[in-house]
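For reference, the structure discussed in these notes is given below.
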Ligand code: ADP
Ligand code: MG
């Protein structure tokens, strides 16, 4: 923390409810209370070699109470008989006495009447004391908050009933009550949202003039694919397909996000969309993040496309690029597709699979002389709606919440290291029955290299087991080797595939029924869910073993959530609750970690209002050059000035 501005925007992590002081005689065991009391006695007792118990006897006019601290470091020096304390915490009844364990407390000057209300608790590192920072922010607020320039034009503020900036900042730090704090929070979240919304609006205005080819989504190829499908579309697939049909028949480029959990059947929807393009005389490109996935998609699409006579081209980085034929075709590849040497002459649709970032810049690369292809982005990341709308703000949203019928449920079992044998007995049983298994090696380091080594070791161990054909896959292996191993696993020539998190994305081998995740506590919830999505894809039920002895409550909570539900959206909400948006689903790169005030499960309305405000503002003043928009423009300068060259939409 180096500036007043940083101090003012060090938002409280939570608040202590000190709206009321309770006399000790009136405290209710089991509930949280704030008391003001004087220290009568201080005792320190050694419990073991490391642990000491510090206990205080405190009293007010009405009674007395025991306060216990098990980690007494830094506390002993601050408490001595005769001092007044303000204590907030849960009161328990222990051996017939009222007790508070590890309460939040402040030492009061003798006669000081404590400030009541909600007290901010800041996210502090190191040895900074809450009370010290509270005093600093109180001073900063009273001296400088009023000098903050409010970037929101008053018309916008009135329209959306938002507070002015200075009081909002002041009351976020020191609210009188909950409503007060909420009004302050709303204003400050609106500012954050408006910033993102302006960038999105700015970018899409820039692309707004683009035309797109008008496709006929009910052409013969689409009908043929629909006729040949061995199953009925799920409700989700059906709705998504209707959305896409409507979009691609327009002369504006479609920009749609298809959100569907692993195994919800996004590929079929992509196939239909691609046939809308190909059957209308255009090329369709399917872009995926890795070469393995490109190959796998190409393989699973090949029979479909062959049966209806549609050419398929695979463009993967390691091979010398085959040419895109001068005719309607499906082209599958990685980001290499965006490179100059891949020349499409009639690109009608781009499908981007399992990709977080696909911004205006990438889209601009695809457009040619003012004509842009339609865009379908697919993700299995079950982002809650508000978050999705913010992160992919420029995309319309289709969500598939259901799964194909007849899916076998996956059972999830937690095991401690001691019981790991159980998991491998299950692998053995599966192999005996002709099924296959994945073993995910522990995440030992930051690099794929370190993790690759761990996977090798694990695989070597398993190769000793008679009757198991063991394969190994990780990111450090040559791409060709990765592809070979995947193919062997898919063919059934490998029984047990040991790998790093490279297994996370896209692999579709219905015969794999068991997954063992080693040291599962080291993985994020989203990752665990993605990994688990690899099994239970066929006719046989699957089991996922999470081997872990979690060391933290957070890890414990993640594993519990995995055992409790297989629903990606529910897990996403849990993940958000456990970790907050900063760490959530690897979205750190979107800058969301800088938005601790946002409540992603509730702030949808506020986001819509910010989008509306952005439209209003840019319609009236497209470059934000007017005097009343100067402060706003200043705040956005770094983003907007580079925007013409490269607008980051996600
Ligand atoms: P994801 O959404 O994870 O990409 P996929 O598209 O790979 O899912 O589909 C997973 C599996 O479900 C595939 O084997 C696919 O053939 C099958 N599938 C897709 N849609 C349906 C459906 N409507 N009914 C039955 N099976 C389906
Ligand atoms: Mg997929």
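Results, tabulated for the structure shown:
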read-out: Whichever residue in segment 306-335 is at pLDDT below 85 and more than 18 Å from residue 480 (Cα to Cα) and, among such residues, is surrounded by the most Cβ atoms within 10 Å (Cβ to Cβ); value: 324
read-out: Unmet criterion (only one of (1) in contact with a helix residue (DSSP H, G or I) (Cβ under 9 Å, 6 or more places away or on another chain); (2) more than 16 Å from ligand 2 (Cβ to nearest atom); (3) not in a loop (DSSP other than H, G, I, E, B)) for residue 286; value: (2)
read-out: Segment 163-195: number of residues that are closer than 26 Å to residue 18 by Cα and buried (at least 17 other Cβ atoms within 10 Å of the Cβ); value: 20
read-out: Residue tally, condition in a loop (DSSP other than H, G, I, E, B), within 16 Å of ligand 1 (Cβ to nearest atom) and closer than 27 Å to residue 466 by Cα, over segment 493-536; value: 8
read-out: Meets criteria (within 16 Å of ligand 1 (Cβ to nearest atom), farther than 30 Å from residue 637 by Cβ and at pLDDT 95 or above) for residue 226; value: yes
read-out: From the options 260, 265, residue that is touching a strand residue (DSSP E or B) at 6+ places or on another chain (Cβ under 8 Å) and either at positive phi or away from ligand 2 (no atom under 16 Å from the Cβ) (or both); value: 265
read-out: Check on residue 404, surrounded by fewer than 20 Cβ atoms within 10 Å (Cβ to Cβ), within 16 Å of ligand 2 (Cβ to nearest atom), over 21 Å from residue 575 (Cα atoms) and at pLDDT 75 or above; value: yes
read-out: Those residues of segment 431-490 which are over 20 Å from residue 513 (Cα atoms), touching a strand residue (DSSP E or B) at 6+ places or on another chain (Cβ under 8 Å) and not in a helix (DSSP H, G or I), in sequence order; value: 474
read-out: Residue among 305, 314, 272 that is in contact with a helix residue (DSSP H, G or I) (Cβ under 7 Å, 6 or more places away or on another chain), in a helix (DSSP H, G or I) and farther than 23 Å from residue 526 by Cβ; value: 272
read-out: Filter result (touching a strand residue (DSSP E or B) at 6+ places or on another chain (Cβ under 6 Å) and either assigned to a loop (DSSP other than H, G, I, E, B) or within 30 Å of residue 402 (Cα to Cα) (or both)) within segment 190-214; value: 212, 213
read-out: Filter result (in contact with a helix residue (DSSP H, G or I) (Cβ under 7 Å, 6 or more places away or on another chain) and assigned to a helix (DSSP H, G or I)) within segment 618-627; value: 618
read-out: Subset tally (residues that are in contact (Cβ under 8 Å) with a residue 12 or more places away in the chain and either touching a strand residue (DSSP E or B) at 6+ places or on another chain (Cβ under 6 Å) or crowded, with 17+ Cβ neighbours inside 10 Å (or both)) for segment 23-46; value: 16
read-out: Answer from 123, 167, 153 - the residue that is at pLDDT 90 or above and out of contact with any helix residue (DSSP H, G or I) (no Cβ under 7 Å at 6 or more places or on another chain); value: 167
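The values are calculated or read from the model by the stated rules, or taken from the named source; none is laboratory data. All of these numbers come straight from a predicted model, not from anything done at the bench. For neighbour counting, all protein chains shown are included, and Cβ atoms are generated from backbone atoms with ideal geometry for every residue, glycine included.
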